[in-house]
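Here's the structure we're looking at; comments come further down.
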Amino acid sequence: MSKPVVLVTGGGSGIGAGIVAHLAATGWQVVSAGRRQATLDAVAAEVADSVVPLVCDITDGSSVAGLMKEIASRFGHLDALVNNAGQTVIGPFKDAAFAELEQLIDVNLTGTLRITHQALPLFLPEGGSILNMGSTLASHNQPGTTTYAASKGAIESLTRGLALELGPTAHIRVNCIRPSVVRSEIMTSAGMPPEAYEKLIEDRGRGYPLRRIGEPADIAHMAEYLLSDKARWITGAIFDVDGGYAAWGH
């Protein structure tokens, strides 16, 4: 029996790399997409032939079209999609260059729309599952993350809307995971010094009810469940996977 096929965007690092590795280890054929071939290859090397690393810029329509063409050629279809690729801008909204904010929206929101729209024709009539990556910041805002939080709020709305549209006709379930701070490169890639990031995760971890920040594997296990047939009656749902952060209510 052939393995189910899943596309994971942002698969070269952080949460994405954790999801790629875990799904490959639990019986999925994974297409790992991202902008950097070297990081994609490094993750794929750890899980042998269960991962196909393919470079794709989700802000570029022709790049996304090329990715879908390659998936169709190799596998013929998709069973699942994980929209994980994202970036952030750190600092006050008024001080940010507007081009940076546009780029964030183009990756986090428009890129998700673009990938999803072009991936849908690859799903079989029996359907499948789409998993979007949100953030607790969508409802628990923090200064300096306004545009990022807004983009993730839009992802939640997109999740619910697609669940209503795709469930009855395409038999595709659509859900969203909202992590809080999970160890990744998203903050350092946005310019935060590594030592500041280490202090951030140490300080934030002490304040969570479970007394630690998240690790990529914490998100990957939930992703596996939501993509699996065990979650066959779950769609349009938003799940906090956050060490209890959302329980604070602020």
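Taking the criterion of being closer than 27 Å to residue 124 by Cβ and not in a strand (DSSP E or B), the residues of the range 25-50 that qualify are 25, 26, 27, 28, 40, 43, 44, 47, 48, 49, 50. Evaluate the range 87-105: report whether one residue or more is at pLDDT 95 or above and within 19 Å of residue 131 (Cβ to Cβ). No, the range 87-105 has no match at all. Considering the range 121-142 alone, what residues qualify as being part of a helix (DSSP H, G or I) and either among the polar types (S, T, N, Q) or surrounded by 17 or more Cβ atoms within 10 Å (Cβ to Cβ) (or both)? Of everything in the range 121-142, those that are part of a helix (DSSP H, G or I) and either among the polar types (S, T, N, Q) or surrounded by 17 or more Cβ atoms within 10 Å (Cβ to Cβ) (or both) turn out to be 122, 136, 137, 138. For the range 162-173, the condition holds for at least one residue, the condition being that it is in contact with a Phe, Trp or Tyr (Cβ under 7 Å, 6 or more places away or on another chain), among the aliphatic types (A, V, I, L, M), at pLDDT 95 or above and not in a loop (DSSP other than H, G, I, E, B). Taking first residues from the range 207-236 that are under 15 Å from residue 132 (Cβ atoms) and partners that are among the polar types (S, T, N, Q) and modelled with pLDDT of 95 or more, the Cβ contacts under 6 Å between residues at least 6 apart in sequence or on separate chains come to 226/175; 227/129. Does the range 70-85 contain any residue that is loosely packed, with under 15 Cβ neighbours inside 10 Å and closer than 27 Å to residue 197 by Cβ? No.
Taking every residue in the range 163-176 that is under 14 Å from residue 83 (Cβ atoms) and pairing it with any residue that is among the acidic types (Asp, Glu), at least 6 positions away or on another chain, the pairs with Cβ-Cβ distances below 6 Å are 176/156.
Every test in (1) within 18 Å of residue 140 (Cα to Cα); (2) surrounded by 17 or more Cβ atoms within 10 Å (Cβ to Cβ); (3) modelled with pLDDT of 85 or more is passed by residue 187 save one, and that test is (3).
Which one is nearest to residue 248 (Cα to Cα) among residues in the range 213-236 that are of a type in the set (D, E, K, R) and surrounded by 16 or more Cβ atoms within 10 Å (Cβ to Cβ)? Among residues in the range 213-236 that are of a type in the set (D, E, K, R) and surrounded by 16 or more Cβ atoms within 10 Å (Cβ to Cβ), the one nearest to residue 248 (Cα to Cα) is 218.
Residue-wise test of (1) outside any helix (DSSP H, G or I); (2) of a type in the set (Asp, Glu); (3) within 16 Å of the chain's Cα centre (by Cα).
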position	(1), (2), (3)
12	yes, no, yes
23	no, no, yes
52	yes, no, no
66	no, no, no
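Filtered by the rule that a residue be among the β-branched types (Val, Ile, Thr) and touching a strand residue (DSSP E or B) at 6+ places or on another chain (Cβ under 9 Å), the range 163-188 gives 172, 174, 177, 181, 182.
The values are calculated or read from the model by the stated rules, or taken from the named source; none is laboratory data. These figures come from a predicted structure and were not determined experimentally. Because the Cβ atoms are built from the backbone with ideal geometry, glycine has one as well, and the counts that use them run over all protein chains shown.
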